[in-house]
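Student: Would you mind keeping the following structure in view while I ask a few things?
The values are calculated or read from the model by the stated rules, or taken from the named source; none is laboratory data. Quick caveat: nothing in here was measured; it's all calculated off a predicted structure. All Cβ positions, glycine included, derive from the backbone under ideal geometry; neighbour counts span all protein chains shown. Accessible surface areas use protein heavy atoms only, side chains included; no ligands, DNA or RNA. Shrake-Rupley method; radii C 1.70, N 1.55, O 1.52, S 1.80 Å.
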Amino acid sequence: GEDVEQSLFLSVREGDSSVINCTYTDSSSTYLYWYKQEPGAGLQLLTYIFSNMDMKQDQRLTVLLNKKDKHLSLRIADTQTGDSAIYFCAEKSAGNTPLVFGKGTRLSVIA
Amino acid sequence: GAGVSQSPSNKVTEKGKDVELRCDPISGHTALYWYRQSLGQGLEFLIYFQGNSAPDKSGLPSDRFSAERTGGSVSTLTIQRTQQEDSAVYLCASSLITEGPGNTIYFGEGSWLTVV
């Protein structure tokens, strides 16, 4: 089946940029998503990108997509302690298919 | 409602008992999804509904798991004869449709199930 891979942990200092990486195997992916999960909470959609785009910026968030390498990244500028959470990458294929998620990257922000 | 609502938020049950988890999607959302999140794991897809029908049940881990959706709204996930490995957070999500730009999926806060 399709697979989405992420590194499990990332630690950054407050004020630095964070870059969370994700790779996926489905060449027919149409949309790629980043979700944030804070402790004890559900998943919150942060941003998504269509597969025909290579970059999307939304305030402190920048998403880069390399479709050839099937690589997606999320950059958080000026990382704050409130950004500490688990970040999930997910991809969706065309048709009536569910999202496929990675295992999540736990971001720790050190003050 | 304003968001996806799940109940109970926490459930502790004895091994061998049956449990029912409920999901109330965002009003008007035709697609509804169930995922499971075990400790330290990603989200495991269980089942999704388009209206009241479930085109894809491939993710249900065993025949002890079943789900239904009535009236195109509320869904119930039932786990029979629960086992300790069923302990997880069960997340429900809904979206307006399953295809196209309107496919933003919104998650509930989950039902935390512990089997002792």
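Student: Please find, within the stretch B:70-88, the residue that is farthest from the other protein chains (Cβ to nearest Cβ) out of those that are surrounded by 21 or more Cβ atoms within 10 Å (Cβ to Cβ) and part of a strand (DSSP E or B). I'd like the intermediate steps shown before the answer.
Tutor: Start the filter on the stretch B:70-88 by keeping residues that are surrounded by 21 or more Cβ atoms within 10 Å (Cβ to Cβ), which leaves B:75, B:77, B:79, B:82, B:86.
If we keep only those that are part of a strand (DSSP E or B) too, we end up with B:75, B:77, B:79.
Values: B:Ser75: 14, B:Leu77: 15, B:Ile79: 19 Å.
It comes out as B:Ile79.
Student: Cβ-Cβ under 6 Å, sequence separation 6+ or interchain: first residue in the stretch B:46-65 and outside any strand (DSSP E or B), partner among the polar types (S, T, N, Q). Which pairs?
Tutor: Listed by first residue and then by second, the contacts come to B:Gly51/B:Thr30; B:Arg64/B:Gln80.
Student: If you don't mind, another one. Any chance you could count how many residues in the stretch B:19-45 are modelled with pLDDT of 95 or more and in contact with a Gly (Cβ under 7 Å, 6 or more places away or on another chain)?
Tutor: 2
Student: Just a yes or no: is a residue in the stretch A:9-27 within 24 Å of B:Tyr48 (Cα to Cα) and outside any loop (DSSP other than H, G, I, E, B)? If you could, list the steps in order and put the result at the bottom.
Tutor: If we filter the stretch A:9-27 for residues that are within 24 Å of B:Tyr48 (Cα to Cα), which is where we start, we get A:24-27.
Within this subset, residues satisfying the condition of being outside any loop (DSSP other than H, G, I, E, B) are A:24.
The answer is yes, given that some residue of the stretch A:9-27 is within 24 Å of B:Tyr48 (Cα to Cα) and outside any loop (DSSP other than H, G, I, E, B).
Student: Sticking with this one: Go through (1) at the interface with chain A (Cβ under 8 Å from one of its Cβ atoms); (2) over 15 Å from the mean Cα position of the chain (by Cα) and name the single condition B:Tyr48 misses.
Tutor: Every listed condition holds for B:Tyr48 apart from (2).
Student: Kindly evaluate A:Asp54 against the criterion of being open to solvent by 60 Å² or more (accessible area, probe 1.4 Å), of a type outside the set (Ser, Thr, Tyr) and out of contact with any Pro (no Cβ under 8 Å at 6 or more places or on another chain). Break it down stepwise before answering.
Tutor: Details: open to solvent by 60 Å² or more (accessible area, probe 1.4 Å): yes; of a type outside the set (Ser, Thr, Tyr): yes; out of contact with any Pro (no Cβ under 8 Å at 6 or more places or on another chain): yes.
Spelling it out, A:Asp54 is indeed open to solvent by 60 Å² or more (accessible area, probe 1.4 Å), of a type outside the set (Ser, Thr, Tyr) and out of contact with any Pro (no Cβ under 8 Å at 6 or more places or on another chain).
Student: Specify which of the listed residues (A:Thr97, A:Thr81, A:Thr30, A:Thr47) is over 18 Å from B:Leu91 (Cα atoms) and either free of Cβ contacts under 8 Å to residues at least 40 places away in the same chain or of a type in the set (Phe, Trp, Tyr) (or both). Break it down into steps so the answer makes sense when it comes.
Tutor: Working: A:Thr97 fails: over 18 Å from B:Leu91 (Cα atoms); A:Thr81 fails: either free of Cβ contacts under 8 Å to residues at least 40 places away in the same chain or of a type in the set (Phe, Trp, Tyr) (or both); A:Thr30 fails: either free of Cβ contacts under 8 Å to residues at least 40 places away in the same chain or of a type in the set (Phe, Trp, Tyr) (or both).
Only one candidate qualifies: A:Thr47.
Student: Which of the residues that make up the stretch B:16-66 are more than 22 Å from A:Lys92 (Cα to Cα) and among the aromatic types (Phe, Trp, Tyr)? Reasoning before the result, please.
Tutor: Initially, the stretch B:16-66 is screened for residues more than 22 Å from A:Lys92 (Cα to Cα), giving B:16-24, B:27, B:39-40, B:62-66.
Result: B:Phe65, single match.
Student: Residues in the stretch B:9-45 that are within 13 Å of chain A (Cβ to nearest Cβ), of a type outside the set (Gly, Ala, Ser), outside any loop (DSSP other than H, G, I, E, B) and surrounded by 14 or more Cβ atoms within 10 Å (Cβ to Cβ): how many?
Tutor: Total meeting the criteria: 10.
Student: I've got another one for you. Out of all the residues in the stretch A:83-106, is one or more in contact with a helix residue (DSSP H, G or I) (Cβ under 9 Å, 6 or more places away or on another chain) and either in a strand (DSSP E or B) or open to solvent by 60 Å² or more (accessible area, probe 1.4 Å) (or both)?
Tutor: No.
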